[in-house]
Amino acid sequence: MPKIPKALIKKVIKDDSDIILDDKAAEALAEQLETEAKEIAKYAVERAKKVNRTTVLEEDIEDYVIKHGG
């Protein structure tokens, strides 16, 4: 079960498109977003550690997006 609330996913989609997501679609999207977020976070943490930082910066996230598309 994803940690991102289905209600939030439904609201984001509805606000952008006036389309309603059913519960299973919202849960599937939440799971995919969490998977992507974990991958990005792992990359960002490794990048910060390489330069001896204990804080992930916006540039770490942006670097992931540049290198992996987004």
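The set of residues in the stretch 6-22 that are in a helix (DSSP H, G or I) and of a type outside the set (Gly, Ala, Ser) comprises 6, 8, 9, 10, 11, 12, 13, 14, 15, 16.
Close Cβ contacts (under 9 Å, 6 or more residues apart or on different chains) running from residues in the stretch 23-51 that are in contact (Cβ under 8 Å) with a residue 60 or more places away in the chain and outside any helix (DSSP H, G or I) to residues that are among the basic types (Lys, Arg) and surrounded by 12 or more Cβ atoms within 10 Å (Cβ to Cβ) are absent.
Every number here is computed from the coordinates shown, using simple stated rules; none is lab data. In this text the structure is predicted, and so the values were computed from the model without any measurement. Don't worry about glycine lacking a Cβ; one is built from the backbone with ideal geometry, like all the others, and counts go over all protein chains shown.
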